[in-house]
Amino acid sequence: MDLSAVRLLTFDWPIFAVLLLLAVLYTVVTKGLPFSKAGLIARETLGAIRERNLAVTGQITAFQATMIALCGTVGTGSIVGVAAGILLGGPGAVLWLLLFGLLGMALKFGEVTLAVHYRRVYTDGSTFGGPFMYMARGLNNRVGAILGGVFAVLAVIAAFAVGNLAQVSAAATALDASFNIPSVAWSLLLAALALVIIGGGPVRIARVAQVLFPLMVTLYGVLALAVVLKNIGGLGGALLSIFTNAFSFKAAGAGGVAYGLQMIVQAGLGRGIFATSAGLGVSSIAHAQAQVDDPVRQGFWGVVEVFGALVVSLLTALAMLSVPSLWQNNLSGAPAEVIRTVFSALGANFGANGMMTDSSDVLVSIGSSGLAVCIALFALATMIAWAFYAEEAASYLFGDAVRWPVRLIWAAVAFLAPVVVADYSSFLAGAEILIGLMALPNIIALAVLFRVVASLTTRFFNGEPYMALGQGTKPTAFSDEDIEFNL
C-alpha cells in the first residue's frame, strides 16, 4: 500500500509548516518568553526543585512531571531518529531541527499551560488532564468534546506504535548486535520492567523517571562527548557544516537541486518535531499531574523540557558529524547501524584523508556497547512515559476500569516487538503518520486557544492571583461534564 499521499497530509511539509507558524505565533503572543524570561524560568524551575510544593492538588511534583515528559520526549528518536535526519538531509538538517526546537519552546509552554489550566481536579486531590481536556473544556462545545475523543483514540494507537513497538525494536536490535543475545530475550526484559514500573501508577513512574532520565542522559552525554573529543579535529568542520549546508541545494540523500533544499528543511523540521514533541500535545498529559499553583509556572517546565531534548539531539548530531567519513559513505544504510558505527569510532584513529588507520578493540566495544545500553535506557524511559499517556487517554474514553487492561496489553505488545517490527525504517515511517494524525486535533485546539495562553501569561506577570477551574468527581468516560468550563 502506497502511504505517500497519507504521509504528505499528516507528516510532511504541510503540517511542518503549520506547526512552525504556530510556534512563531506562540513565541509572539508570549512576547518571546523562553528567551526574554530565560533567567526567571531557570530560577522557577531548576533553581527551585527542592524549595517547595506549590499546591495540594496533583500526585507528583513539578520536577517529577517534567522528568516523565522528558522520558517520553527523549527516546531512541533522539539518537537513531537524529541520525536518520542527517542521512536524509545532511548536516544542514540539524539547524532546522534546532530552529524548530527554539521556537517550539513557546509552543510547548502553551500546551503545558493549557493542560494545567483545563485539567480536572478531583476532591481527593488527584488531577486528570492533557490535550483531550483542554479541547473538551477549552473549546466548550460539542466539537471540542469530539476533538478530545479523536485525540484520545489516536494517542492510544500512536502510543503503542511510537512509544512501545518502535522503542523496544530499536533497543532489542541494538542490544542483540552488541551482546549477541536474542532480541526476544531483551524484549521480554523490557516488557517485564515496564510492567513493574507502570503498575504503580504515576507516583511510581515519577519516582523512576526522576532517577532514570538524569542517569541515562549523563551516560549518553559522556559517551557522545567522548566521541566528539576523540575526533576533536572534526568538530570545527561539523559546526560549520550545520550552518553552511542548512540552505544548500544538495541534501545528503537527495538528487535534484530544488528537491535537495526541500529535503534538508523537511528532514530538519520533521526531526525537530519528533525530538521535542512540541505541537503534538502528549507530554502535557504528564505535566497536568504536577503539584503546582499556577499553570504558567508549570509552563516554564515545558520550556525546560524542550531545551533538554534539544541538548540530547545536538549531542547526537555533533558525535555523528565529527566523523563525516563514517556516515557519508553509508547514506543508504540503516540509521541504527550507522550511529553504532559512529560511536564505535571512540576506539578508532583517522588519517588526514579521513579514513580509519587503526583502532582499539576495547574502545570500539565500549563505544558500541555503551550506545546499545543508552538506547535501551532511552527506550525503557519512553515506554513508561507513553504507557502512562496511553492509560490516561484510554481512561478519558472508557473510565478508570481500563487502566490495568492497558498496562497488561502494553507489556504483551512490547514482548512481541521484535516479531512485529520486521523493518524498523518502514515501521517508523508508518508511526510518523500516526503522530501526524494525532497532532491534527491538537493543532486546531492550539490555534483557537492561543488567546487563553496569552491572557494567563499576562495575568501571571501582572501579579494577579490564579483562579483554578472547579473540582469534579471522576467520570466513567468523557461526557458533557467535561465541556462545562471556559476561561
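The values are calculated or read from the model by the stated rules, or taken from the named source; none is laboratory data. Please read these numbers as outputs of a predicted model, since none were measured by experiment. FYI the Cβ positions are ideal-geometry reconstructions off the backbone, even for glycines, and counts take in every protein chain you see.
Screening Val150, Val162 for residues that are part of a helix (DSSP H, G or I), touching a residue at least 24 places away in the same chain (Cβ under 8 Å), on the phi < 0 side of the Ramachandran plot and touching a Pro at 6+ places or on another chain (Cβ under 6 Å) leaves exactly one candidate, Val150. Of the helices (runs of 4 or more DSSP H) lying entirely inside the stretch 261-377, those containing at least 1 residues that are modelled with pLDDT under 85 are 324-328, 335-344. Restricting attention to the stretch 177-199 and to residues that are of a type outside the set (Val, Ile, Thr) and in a loop (DSSP other than H, G, I, E, B), the residue that is surrounded by the fewest Cβ atoms within 10 Å (Cβ to Cβ) turns out to be Asn180. Beta carbons closer than 7 Å, at least 6 apart along the sequence or on distinct chains, pair a first residue in the stretch 129-146 that is closer than 13 Å to Ala393 by Cβ with a second that is aromatic (Phe, Trp, Tyr) and buried (at least 24 other Cβ atoms within 10 Å of the Cβ) for Gly129/Tyr118; Pro131/Phe151; Phe132/Phe151; Phe132/Tyr396; Met133/Tyr118; Met135/Phe151.
Scanning the stretch 104-140 for residues that are buried (at least 24 other Cβ atoms within 10 Å of the Cβ), small (Gly, Ala, Ser) and in contact with a Ser or Thr (Cβ under 7 Å, 6 or more places away or on another chain) yields Gly104, Ala106, Ala115, Gly130.
Taken over the stretch 289-309, residues that are among the polar types (S, T, N, Q) and surrounded by fewer than 24 Cβ atoms within 10 Å (Cβ to Cβ) amount to 1. For first residues located in the stretch 328-342 and over 17 Å from Val364 (Cβ atoms), partners that are in a loop (DSSP other than H, G, I, E, B) and of a type in the set (Gly, Ala, Ser) and lie 6+ apart or on another chain with Cβ distances below 7 Å form the pairs Leu331/Ala252; Leu331/Gly253.
The condition of being in contact with a strand residue (DSSP E or B) (Cβ under 8 Å, 6 or more places away or on another chain) and of a type in the set (Asp, Glu) holds for only one of Glu392, Glu464, that being Glu392. Taking Val116 as the residue in question, decide whether it is closer than 19 Å to Ala278 by Cβ, more than 18 Å from the chain's Cα centre (by Cα) and in contact (Cβ under 8 Å) with a residue 40 or more places away in the chain. It is true that Val116 is closer than 19 Å to Ala278 by Cβ, more than 18 Å from the chain's Cα centre (by Cα) and in contact (Cβ under 8 Å) with a residue 40 or more places away in the chain. With respect to Leu225, determine if the residue is at negative phi, modelled with pLDDT of 90 or more and outside any helix (DSSP H, G or I). So Leu225 does not fit the description; no.
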